[in-house]
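The values are calculated or read from the model by the stated rules, or taken from the named source; none is laboratory data. Just so you know, these numbers come straight off a predicted model, no measurement behind them. Every residue, glycine among them, receives a Cβ derived from its backbone with ideal geometry; neighbour counts consider all protein chains shown. Side chains included, ligands, DNA and RNA excluded: accessible areas come from the protein's heavy atoms. Shrake-Rupley method; radii C 1.70, N 1.55, O 1.52, S 1.80 Å.
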Amino acid sequence: VLTAGIFSAGKGKEAIHAGLEAARSSMELVGPVVAKDTNDDDNVDEIVFIVANTLDGEPINLTTTTDADNDGVLSDEASKLHTTVVSYVDKVQEVTDLTWTKTAVGKGDGDNLLEANEKFEITINVSKLSTRLNADDTFTIEIKPDGGASMVIQRSLPPVIDKVNDLN
């Protein structure tokens, strides 16, 4: 009985540490989520937001892969450099490994890692979706860093699409 109790306590401790490690390796949304219509066609072309590292945790690799065939997805690229995957879901489609880019905001050290006290602006290209995002649509974006917890963003678009739409 004593051995079983010690084994059980050890497993509980491992689960707690694994949970804390996942939380330390995650990102958080900082500021608004913005939908942009870059070509005035009343459809959303980009979703833009800023992320930071939660709890001053482990660095998150935000290396990107170039969308060489310009089809809006990265899963079909011959040379994949990214480990963070962006997925998209709405009422009619689901796309895994959507094209995205990043830009450092404020203080940074010039590398591809989202580290403590750093922020990156993430731009997700939704212009190549089979059904375009437009007025009153609802969508979900999930950002899955390698080894960390996913960050989920769910938003609804306004009744009229402007060039820049604050979705908070």
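Structure summary
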read-out	value
Lone unmet requirement of (1) within 18 Å of Val30 (Cβ to Cβ); (2) among the small types (Gly, Ala, Ser); (3) part of a strand (DSSP E or B) for Ser87	(1)
Subset tally (residues that are buried (at least 16 other Cβ atoms within 10 Å of the Cβ), within 18 Å of the chain's Cα centre (by Cα) and part of a loop (DSSP other than H, G, I, E, B)) for the range 116-149	7
Single residue of the range 106-115 satisfying the filter (part of a loop (DSSP other than H, G, I, E, B) and on the phi < 0 side of the Ramachandran plot) that is most open to solvent (accessible area, probe 1.4 Å)	Lys107
Any hit, the range 92-105, residues being at pLDDT below 95, surrounded by fewer than 18 Cβ atoms within 10 Å (Cβ to Cβ) and not in a strand (DSSP E or B)	no
Hits in the range 42-64 - residues which are open to solvent by 40 Å² or more (accessible area, probe 1.4 Å), over 16 Å from the mean Cα position of the chain (by Cα) and β-branched (Val, Ile, Thr)	none
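Let's see how each residue does on (1) closer than 17 Å to Lys36 by Cβ; (2) touching a helix residue (DSSP H, G or I) at 6+ places or on another chain (Cβ under 9 Å); (3) among the charged types (D, E, K, R):
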| residue | (1), (2), (3) |
| --- | --- |
| Tyr88 | yes, no, no |
| Lys107 | no, no, yes |
| Asn112 | no, no, no |
| Lys128 | yes, no, yes |
| Leu133 | yes, no, no |
| Thr140 | no, no, no |
| Gly148 | no, yes, no |
